[in-house]
């Protein structure tokens, strides 16, 4: 039996963003728009709930794609042991995007896998006749008030948005943008909540008139 699907959408913009291409190594370069998992994460930052699954459906690019060189000093645990001992940092070079704006779309369905749900989520799921619809209503209430589960960010946590919320009338899709992406990261945790790490990719992704529709893969809900 098909699961009921409910649509959600939002707009997000900011000064700087990076949607890292894994093949660019220690000098990361951004894709021109967010990956499937990044879009999912942005929606979940507004309202996260393990009793539902969020399936991103498409992204609309609403500003020109502009790349920019970015440099920062990394002081985290992934530095070499000698550098850490000496108190040194690692200069990280990246190619990021600037002045970005996207319209994001996704579908919400009940999570059919119940065994990994926390106790409170399982209790909420058992008392809710339509978890997807309930999530949709709560999501839009929170989005309208500017509330979130965690602050959404544009790839790296230091790249916060200058706006996230409902679609703005002044925002327009960049219909002159057409691109082909031969391989694009899809997800790192493809089985959702409590998933093990497993990189998955979409092949021959196309951006047509500023719009990229995410390909559907095995296991995803299909209407």
_Just checking, does segment 52-62 include any residue being surrounded by fewer than 18 Cβ atoms within 10 Å (Cβ to Cβ) and part of a helix (DSSP H, G or I)?_
no
_Taking the criterion of being within 26 Å of residue 211 (Cα to Cα) and either in contact (Cβ under 8 Å) with a residue 60 or more places away in the chain or not in a loop (DSSP other than H, G, I, E, B) (or both), would at least one residue in segment 68-78 satisfy it?_
yes
_Of everything in segment 117-134, what is modelled with pLDDT of 70 or more and crowded, with 18+ Cβ neighbours inside 10 Å? Give them in sequence order._
131, 132, 134
*If you scan segment 1-51, which residues turn out to be within 19 Å of residue 203 (Cα to Cα), within 11 Å of the chain's Cα centre (by Cα) and surrounded by fewer than 20 Cβ atoms within 10 Å (Cβ to Cβ)?*
37
*Taking segment 151-195 on its own, how many of its residues are exposed (fewer than 12 other Cβ atoms within 10 Å of the Cβ), within 18 Å of the chain's Cα centre (by Cα) and farther than 19 Å from residue 15 by Cα?*
0
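The values are calculated or read from the model by the stated rules, or taken from the named source; none is laboratory data. Every value quoted in this text rests on a predicted model; they were computed, and no experiment measured them. Here the Cβ is made from the backbone with ideal geometry for all residues, glycine too, and neighbour counts use every protein chain on show.
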